[in-house]
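Quick note: the coordinates plus some simple rules give every number you see, no bench work behind them. Note that the coordinates shown come from a computational prediction; the quantities given were computed from them, not determined experimentally. Virtual Cβ from ideal backbone geometry, glycine too; neighbours counted across all protein chains shown.
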Amino acid sequence: MEAWVHLAVAILLPAFFGALVAVIFPARWRNAPWVTAVITSGLAFAASVAGLVYTASRGEVRYYLGGWEPPMGIELVMDPLSAFFCAVVTGMAFFVFIHGKTVVPRETPGKEAAFYSTALLLVGGLLGIVLTGDLFNLYVFLEISSLAGYALVAIGDRRAPFSAFRYLILGTIGASFYLLGVAFIAMETGSFNMGDVARVVPALGDSAPATVGLILIVFGIGLKMALFPMHGWLSDAYTYATSTSTAIIAPIGTKVAAYVLLRGCFYMFDPDFVREGIPLTTIIGYLGAVGIIWGSVLAIAQSDLKRMLAFSSVSQVGYIALGVGLASPLGMIGAVLHTLNHAVMKACLFLVNTNILSRFGHTDIRRFDRTFRIRMPWTMAAFTLAAISMIGLPPTAGFFSKWYLVLGSWENANYVFLGVILVSSLLNVVYFFRVLEKIYLRTDGEPYDEKNEREDAAVEREESPASMLFPTVFLAASLLVLGLANAFIVTYFIRPMIPSGL
Amino acid sequence: MIEFLHSYYAYWAIILLLVIGLYGMLVKTNLMKKVIGMIIFQNAIILLFVAAAFKWDATVPVLDPAYPSEDPVNYLNPLPHTLMLTAIVVGVAIVGVAFALLIAIYRNYGTLEEPVLMERMRSE
Amino acid sequence: MLLLFTGLLVYATIHLPARGDPEAPMHRKENVVGDPVAGAYFIGNAYRDAATPNMVTVILADYRSVDTLGEVIVVFTAGVCCLLILRRRMYD
Amino acid sequence: MPLTETYSSSLPFWAVAVSLLAVPAILWSARKPNLREFWTLLAAAIKFGLVLALLPGAKEGRVAEFVLLEIAEGIELSLRADAFGMFFALIASGLWILTSFYSIGYMRGHHEKKQTRYFASFAVSLSATIGIAFSGNLLTFIIFYELLTLATYPLVIHSENREAIRAGRQYLAYALTAGLLMVAGAAWIYGTTGTLDFTPGGILEEGMLSAGGMRILFFMLMIGVGVKGGIMPLHSWLPNAMVAPTPVSALLHAVAVVKSGVFGVVRMAGFVFGPDVMAAYDLNTILAVFAGFTIIVASVIALRQENLKRRLAYSTVAHLSYIAMGAALLNSEGFTGGMLHISTHATMKITLFFCAGAIIVHAHKENVSDLDGLGRAMPWTFAAFTIGAMGLTGVPPVNGFLSKWFLCLGSIEAGQWLVLGVFLVSGLLNAAYLFPVVYRGFFRSSDKFRKLGEASPFMVVPLCATAVLSVVFCLFPNLFFGLFDLATAAVEGIMKAS
């Protein structure tokens, strides 16, 4: 037990340490920041997986920073929930960093060190949010990750700084709402420690400030998560940023916000109260449901692959919110599993987007054609697999998170959610098969003849370099593995994290 | 009634500040004014914490032999003050990054007025 | 929307303990379930724990030093961010 | 009939996996057509052998079960080779061998492009089909069902012209919507009963759901399987999917896709709802109304189709509903007739499609009115076509007679005179749309085909084989691996449990 306690710190430290180290290398060691980022995120990933296995078998780990017991000092809490999210965050970061080897120097020439440092700070901030057991400390980490996020979004094309500014304004509103909520909760309960709050709140009975505090936290975090009416910043931010920035932010940024939502609604407060006292989870669920449809419809309307994926993120975040909205064990399983699945899918899709961009110089779906398949067969295969998973067809991972959500919807007799899940799957089919048709089929309508065949044979294969191909294909393949292993994940990792009140 | 007002007027003043800040952030079209709104908003929250730390008839949280420290009634609550030190620095950092972004926007488009900016972005 | 926000906050504040009330949950020694409350503990024990009369300093540098570390990281982040954003870009 | 007992065996798994394992080999040898086709044939032969190896056990009522892993919490990915599944698997894997031979002849004769993709998709489709046959629970069934949709999509859009892409989109839209409804239905059942294992006699029991709920659930699942099974308002993808190469049509319309659909209908009727629940909530009447409507209307539409493949497609739509109708009768004769019709229709319709394909490749004719006198040029092909046509009409000694006989017995047993009428009228309609082809081929003379000989033996041999099979199957229904016994065993299981 003693040595394992330090795991929580071992997850957190490498990222910040790496951020510090990445900027100190002399400029002529061009690959040093990349190596730093890969090594540190790999270490954090290893520690997270170890932590995940440890917490699954032996329960939570609490680490009192500075030796002060809460509520005096700050504690790091690694329970099954936070260990799971740590593993998702560090895992995605690890693969995206590997992928960045050749892309980052091309997209942000001369600024690799700053880029990797910022990206590691983002990862570190997110890990801090997940691990800390203190509400105010969470705010500090939230701002670390947000600042890094703004900067990553701001590098990109000419429009990027403005979209980053909008993201900053809205993000600051979100974080400030969170802090305001924390103020109210602290004034009612007298503590900033989540465990304390969880013990005090039921004893308070019906406390208006604490309730309002939770509502403020939920909406503040909803902004960060791009929950339906608060998703406006996301599409521009993701579209105009450089492709690696998007690939690092998209899979993990919104997921950690979802973590705070879960933590706030089901752990700090009594789930029964959140579900019935104030219909907060129901509101979250319905917002998620609207977001699912809205995001999918807008994704269909896009002609740029990256923008389409951005809107699809709005829709996928809706699934997580919908799972939270069900406020039942099955809903929670669905939400957490979808967090993992969507992180992998979205990372894979954005990496594919990067591969396409760096090979063809554009991501305009209207200009895709069948030569893409011949030139980049593996990338396109990865795209196909990820797309199938996004649609939610078995045996890929995407199907199973939807399965639990559908089960949960039936259990709650919530036919609206059920209908939304089914309809949105069909909408996903529309926008992904539109791309797949372009990549795999000839859409000119002419019969296939010798001339076509000669043309196709003349197209050379120009697959991405191994550093880009490996993470892309690995993530795509892991979608199949995650799909087949989902019962194991649910039983060993997700079941233990379900709070007793749910 | 007077007592009620006396106990709560500070909070309402803070709420007024919060609303002013939020209004500035959401409605103003000049990006600099948005940042100013943001600063007001953040500082209002800081004030709220500080107001929460207040106790009647208590002194600053620096140990003073005249006030026995066994009884917490004698000192203001030091915790929110500490936290707000951190929050202030965080706020400053955000404002710094916001200014950096404004510089970048101005470099690219030569304006900080949102409608003009949108116009120029669209005409690209 | 702003009105809704205002209403929500006013509703919350009028249910808050009165300002300056030493019996407010934040200032008491023990909370409703009997756990110690940090604020009162700091007042009573800061000097004993860290031999520094200024309680704010003690909290900042000792009890909650991680917040302060985070604060430093925020400043560092802001610096790196400015570096990333403001360095001249290739096409300029 | 001994009681069913379960034993664990990995054979069902390998039977499913073998053609999946052949896919990398097929892709790898893309540039060596002979090697590539060798893999296909090898996989087909091994698959058939594995299915055969399971047969003795299934006949004795011993069910081979293989649990691969827990696929979702509380639900296992289980493969069970019970009598009914074996029945379907035997037909599918047996006909795959013939279809593979025929494909090779057809694809080479037609100089089709992208043959590697074609053979790879074909192999995956077969894996999915056997998976459907052996599925031990509803979720496993859905997984293979969706896999089948994905695997057959490249086959439908094979020619990549506008028509094909439109057909592909329509196919996806229908099949995926259906799949989603099944997912929702499965979740409902799981939430209600806590299990999804196919049980002879049904998972659901009376009173578990309200009457309305039971009917909605029935609709969800039946739409799910009915789309692939081509039950009438849901059939329209099927004739449009005719743009695919003919062996695909043969596969889609005689073996894999549509049969998986009706196989699903029987599974749902016999193993999810069960005869008791079906009867208690009038679900069988609903099914019978749709099936009867489909049989008559599709036959009438088939009469008016000029394109031979489309005519056969509508004929398929009609005949699939025979099987659904058999299940709707809810007595052992009805179930037996329905099951037998899965196999008999498979052999007959595959014969007809092989013939149509041979005509297209060899004589380049697609329309019925262009076939005058072709029968003299291609006597074997047209003889086989005649046998297929006789079978569909229900004339002995072709096997269509056998299944129709049981279906008619079942409707008499159930006292459903209207159903009996539907069977008889549709028999006449079958004759009306199929025999003109035979008539034109043999009895109208034309000079167009004087120099044309018979098609390539790669095509003629399989089509004659299936024709002969059709006849032999009627005369000696147990000759082939005891198919008939297998069907009666499966039916007995359902009826006894209820």
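Of note:
- Within chain B, helices built from complete DSSP H runs that reach 30 Å or longer along their own axis (Cα positions) and carry a mean Kyte-Doolittle hydropathy of 0.5 or higher are B:2-27, B:31-52, B:78-109.
- With a cut-off of 11 Å on the backbone N, the residues of segment C:1-40 near the modelled label site 7 Å out from B:Asp57 along Cα-Cβ are C:22.
- Rounded FRET efficiency, nearest 0.05, which uses the C-beta distance separating D:Trp417 from A:Ser467 and R0 of 60 Å: 0.20
- FRET E, pair C:Val33, B:Asp71, Förster distance 30 Å, beta-carbon r, rounded to 0.05: 0.85
- Set of aspartates and glutamates near D:Lys59 by C-alpha distance (under 13 Å), chain-local residues within fewer than 8 positions excluded: D:Glu5, D:Asp82, D:Asp485, D:Glu492
- FRET efficiency for the pair A:Val290 and C:Thr6, taken as 1/(1 + (r/R0)^6) with r the Cβ-Cβ distance and R0 = 22 Å, rounds to 0.30.
- Only DSSP H runs of four or more residues enter the estimate; each adds -39500 (n - 2.57), and after division by the residues of chain C the mean residue ellipticity at 222 nm equals -18000 deg cm²/dmol.
- Local electrostatic count, D:Ser78, Cβ distance below 10 Å [Lys/Arg +1, Asp/Glu -1]: -3
- Near A:Ile374: Cβ cut-off under 15 Å, other residues only, Lys/Arg at +1 and Asp/Glu at -1. The net charge is +4.
- Dipole orientation for chain B: of the candidates B:Thr111, B:Pro61, B:Tyr11, B:Thr111 has the Cα lying most toward the positive pole (charges on Cβ; Lys, Arg +1; Asp, Glu -1).
- Excluding same-chain neighbours fewer than eight residues apart, the aspartates and glutamates reachable from D:Lys259 by a Cα-Cα span under 15 Å are D:Glu146.
- Chain B: C-alpha gyration tensor shape, a/c 1.5 cut-off, then a/b vs b/c: oblate
- Span-like helix ranges in chain D, DSSP H, alpha carbon extent 27 angstrom or more, Kyte mean at least 1.0: D:83-109, D:283-303, D:417-443
- Links that overshoot a 21 Å alpha carbon limit, given the list D:Lys113/D:Lys349; D:Lys32/D:Lys113; A:Lys438/D:Lys32; A:Lys306/D:Lys113; A:Lys438/D:Lys114; B:Lys55/C:Lys29: D:Lys113/D:Lys349; A:Lys438/D:Lys32; A:Lys306/D:Lys113
- In a DSSP loop and with at most 10 other Cβ atoms within 10 Å, the trypsin sites (Lys or Arg not before Pro) in segment D:281-376 are D:Arg304.
- Ellipticity estimate at 222 nm from DSSP helix runs (n ≥ 4, -39,500 (n - 2.57)) divided over chain A, nearest 500: -25000 deg cm²/dmol
- Global geometry of chain C, whether rounded, prolate or oblate, following the gyration tensor of its Cα atoms and the 1.5 cut on a/c: oblate
- Charges were assigned to the Cβ only: +1 to each Lys and Arg, -1 to each Asp and Glu. The resulting dipole of chain A about its Cα centre is roughly 920 debye.
- Helix-derived mean residue ellipticity, 222 nm - over chain D, DSSP H n ≥ 4, -39500 (n - 2.57), to 500: -24000 deg cm²/dmol
- Each of D:Cys408, D:Cys355, A:Cys265 was scored by other Cβ atoms within 10 Å of its Cβ. Arranged with the fewest first, they read D:Cys408, A:Cys265, D:Cys355.
- Projecting the Cα atoms of D:Ala358, D:Gly185, D:Ile157 onto the charge dipole of chain D, computed from C-beta unit charges around the Cα centre, puts D:Ala358 farthest toward the positive end.
- The charge dipole of the protein assembly as shown, taken about its Cα centre with unit charges on the Cβ of Lys, Arg, Asp and Glu (plus for the first two, minus for the last two), comes to roughly 4500 debye.
- Remark: relative contact order (segment D:367-479) = 48 percent; criterion is Cα-Cα distance under 8 angstrom and separation of 6 or more residues.
- Relative exposure of A:Leu309, A:Leu234, judged by other C-beta atoms within 10 Å (fewest first): A:Leu234, A:Leu309
- Counting neighbouring beta carbons within 10 Å and listing from fewest to most, the residues D:Ile342, D:Ile46, D:Ile130 come out as D:Ile46, D:Ile342, D:Ile130.
- Nitroxide proxy distance, nm - points 7 Å out along Cα→Cβ at A:Glu69 and A:Val297: 5.6
- 14 Å beta-carbon shell around D:Ala377, net charge (K/R +1, D/E -1): +3
- Segment A:357-428 versus segment D:326-380: alpha-carbon centroid distance in Å: 38
- Taking a point 7 Å from the Cα of A:Val459 along the Cα-to-Cβ direction, the residues of segment A:338-361 with backbone N closer than 17 Å to it are A:353, A:355-361.
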